[in-house]
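Structure record follows, encoded as structure tokens.
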Amino acid sequence: MTTTLIRHGRIVTAVDDYHADLLLEDGKIAAIGRHLHVGPEVRVIDASGLIVFPGGVDVHTHLENTFGESTTCDDFESGTKSAAFGGTTTVIDFAFQNQNTSPLDAIARAQSKAAAGASIDYGFHVIVTHVDEAVLGDMRHAIRHEGVSSFKMFMAYPGTVMVDDAAIFRAMRMVGEHGGMIALHAENGTVIDLLIREALAQGHTSPKYHALTRPSILEGEATHRGIKLAELAQAPVYFVHLSAKEALAHVIEARDAGIPVFAETCPHYLFFDESVYDSDDFSLAKYVMSPPLRSREAQDALWTALKTDDLQLVSTDHCPFCMKEGHMGKVRQKMHGKDDFSKIPNGTPGLETRMTVIYDGGVRTGRISINRFVELTATAPAKLFGLFPQKGTIAVGSDADVVLFDPRTEHVISAHTHHSHCDYSLFEGHHVHGKVRKVFSRGDLIVDEDQWHGTPGRGRFLRRGEVGGY
């Protein structure tokens, strides 16, 4: 393992902002100081004019995940490479418990996929699709012995992954007693299912009806219901991809009352709004994600909540499906729903652009401070999901996951230059300030300008501790 000294950088964490040298040794941050002296065998990098961030932590990604008949187009190799080029050095993905497997089987299956392909470190949440005593026992075992302490449950998609309120409550009560946390996809699935059937019966098949059949009030209702279940269970709860003002209002009210409620939002909700659904053209399928894009007023409310800590972090929900059927051999992608919006795979890419667009649209514009930027993209996710201080900060003893970022460089985002297998970017053509120059993962230089030095399989599985600590 190469020892590296990063000189003259501006080191920024969630609480600090100063100039110093940084010594990376044996995969850890070994020293921080002014004018550190090292021998000639140490690699020295001049970071003058650059910002030195902790590597990003994205706790919501879907790599090689199968939903219904479709599988996301990024596997662990392409997805983690894309993440690294965007300044993210840790991801938490999903192990899927289907009707015929246990949560422990799901974890083993997910680990076998990631071990061969991941070039950065990773962990898992388990998607729980049914609950009984055996499943609860496996979840308890996962927290205590497998290093998997968070579990996602769906209040949407009846007939496939949706679970009822009693199952959610039972799971919350158990994991809350053992240092775990339930993450909820909060939409009222049964009413949405009715609205979808009604729209199709009326001959409405284009992508915009995905948004029209998932109104924001139903995200708000489900979020409120999830909070009350967590309050009754005396357990923390985490809401994924929060998009609606109605949902945010319930989160704020609960947090003000001292209930341990946490939530994320995603870049697409911060930079795009429902005005994109303005035609029946199938190209709008790239904006089919759940929940759908909301109003400009909701977007402004999300930015305010990020600043005031009513929302705790920004994740991507990177769930990429190609627009062109057969691109790189991928099948049953967005075109699968060409004649029926309900069959369009839900999701969009975002791993490689998260850090840059939040810096450009948040820090540069004055919406959030640079320290808050680091907190939202690295420190808070690491704290909430049991990875801090190993990940999410620059401190002696922490993993040497370090990003050198040039705030002055301007560039244009394009799918032609990103490293995902996805054939489009929502941010195509966006002109942004700020570019990742170098990325270290446990002290290894894996991104050097446009050069890739990572290798599939070098990523390590992260055994996480108790979650919900923030």
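The values are calculated or read from the model by the stated rules, or taken from the named source; none is laboratory data. Being a predicted model, the structure only gives us computed values, none of them experimental. All Cβ positions, glycine included, derive from the backbone under ideal geometry; neighbour counts span all protein chains shown. Heads up: the accessible areas ignore ligands, DNA and RNA and are worked out on the full protein's heavy atoms, side chains in. Shrake-Rupley method; radii C 1.70, N 1.55, O 1.52, S 1.80 Å.
Specify the residue that is nearest to residue 147 (Cα to Cα); the eligible residues are those in the range 71-109 that are of a type in the set (Ser, Thr, Tyr) and in contact (Cβ under 8 Å) with a residue 60 or more places away in the chain.
90
What do you reckon, is residue 94 surrounded by fewer than 23 Cβ atoms within 10 Å (Cβ to Cβ), aromatic (Phe, Trp, Tyr), in contact with a Phe, Trp or Tyr (Cβ under 7 Å, 6 or more places away or on another chain) and at negative phi?
yes
Just need a number here: residues in the range 1-46 that are closer than 22 Å to residue 375 by Cα and out of contact with any strand residue (DSSP E or B) (no Cβ under 9 Å at 6 or more places or on another chain).
Residues that pass the stated criteria total 2.
Report whether or not residue 5 is more than 30 Å from residue 289 (Cα to Cα) and either hydroxyl-bearing (Ser, Thr, Tyr) or part of a strand (DSSP E or B) (or both).
Yes: the conditions hold for residue 5.
Report the residue count in the range 399-430 for those that are in a strand (DSSP E or B) and either surrounded by 16 or more Cβ atoms within 10 Å (Cβ to Cβ) or within 20 Å of the chain's Cα centre (by Cα) (or both).
Counting residues in the range 399-430 that are in a strand (DSSP E or B) and either surrounded by 16 or more Cβ atoms within 10 Å (Cβ to Cβ) or within 20 Å of the chain's Cα centre (by Cα) (or both) gives 7.
Which is modelled with pLDDT under 95 and open to solvent by less than 50 Å² (accessible area, probe 1.4 Å), of 326, 347?
Of the residues listed, the single one that is modelled with pLDDT under 95 and open to solvent by less than 50 Å² (accessible area, probe 1.4 Å) is 326.
For the range 305-336, what are the residues that are in contact with a strand residue (DSSP E or B) (Cβ under 6 Å, 6 or more places away or on another chain) and on the phi > 0 side of the Ramachandran plot?
Matches in the range 305-336: 332 only.
Of all residues in the range 132-184 being among the basic types (Lys, Arg) and open to solvent by 10 Å² or more (accessible area, probe 1.4 Å), which is nearest to residue 251 (Cα to Cα)?
173
Can you tell which of 51, 45 is more than 25 Å from residue 386 (Cβ to Cβ), under 25 Å from the mean Cα position of the chain (by Cα) and of a type outside the set (Phe, Trp, Tyr)?
Only one candidate passes the filter, namely 51.
Would you mention how many residues in the range 285-298 are farther than 24 Å from residue 93 by Cα, open to solvent by 10 Å² or more (accessible area, probe 1.4 Å) and touching a helix residue (DSSP H, G or I) at 6+ places or on another chain (Cβ under 7 Å)?
So the answer is 3.
Name the residue, out of 77, 41, 69, that is surrounded by fewer than 24 Cβ atoms within 10 Å (Cβ to Cβ), at pLDDT below 95 and touching a helix residue (DSSP H, G or I) at 6+ places or on another chain (Cβ under 8 Å).
69
In the range 436-449, how many residues are of a type in the set (Lys, Arg) and open to solvent by less than 20 Å² (accessible area, probe 1.4 Å)?
Of the residues in that region, 1 qualify.
Given the condition in contact with a helix residue (DSSP H, G or I) (Cβ under 7 Å, 6 or more places away or on another chain), hydrophobic (A, V, I, L, M, F, W, C) and either farther than 24 Å from residue 339 by Cβ or open to solvent by 10 Å² or more (accessible area, probe 1.4 Å) (or both), answer yes or no: does some residue in the range 201-209 qualify?
The answer is no; no qualifying residue exists.
So which residues in the range 309-323 are surrounded by 18 or more Cβ atoms within 10 Å (Cβ to Cβ) and not small (Gly, Ala, Ser), if there are any at all?
Passing the criteria: 310, 311, 312, 313, 314, 316, 317, 318, 319, 320, 321, 322.
Looking at 58, 75, 17, 46, which one is more than 21 Å from residue 435 (Cα to Cα) and among the acidic types (Asp, Glu)?
Of 58, 75, 17, 46, the one residue that is more than 21 Å from residue 435 (Cα to Cα) and among the acidic types (Asp, Glu) is 75.
Suppose the filter is open to solvent by 10 Å² or more (accessible area, probe 1.4 Å), within 30 Å of residue 287 (Cβ to Cβ), in a loop (DSSP other than H, G, I, E, B) and in contact (Cβ under 8 Å) with a residue 60 or more places away in the chain; does residue 433 pass it?
no
Considering only the range 436-453, how many residues are within 21 Å of the chain's Cα centre (by Cα) and part of a loop (DSSP other than H, G, I, E, B)?
The qualifying residues number 1.
For residue 29, state whether it is buried (at least 19 other Cβ atoms within 10 Å of the Cβ) and assigned to a strand (DSSP E or B).
For residue 29, the condition - buried (at least 19 other Cβ atoms within 10 Å of the Cβ) and assigned to a strand (DSSP E or B) - is met.
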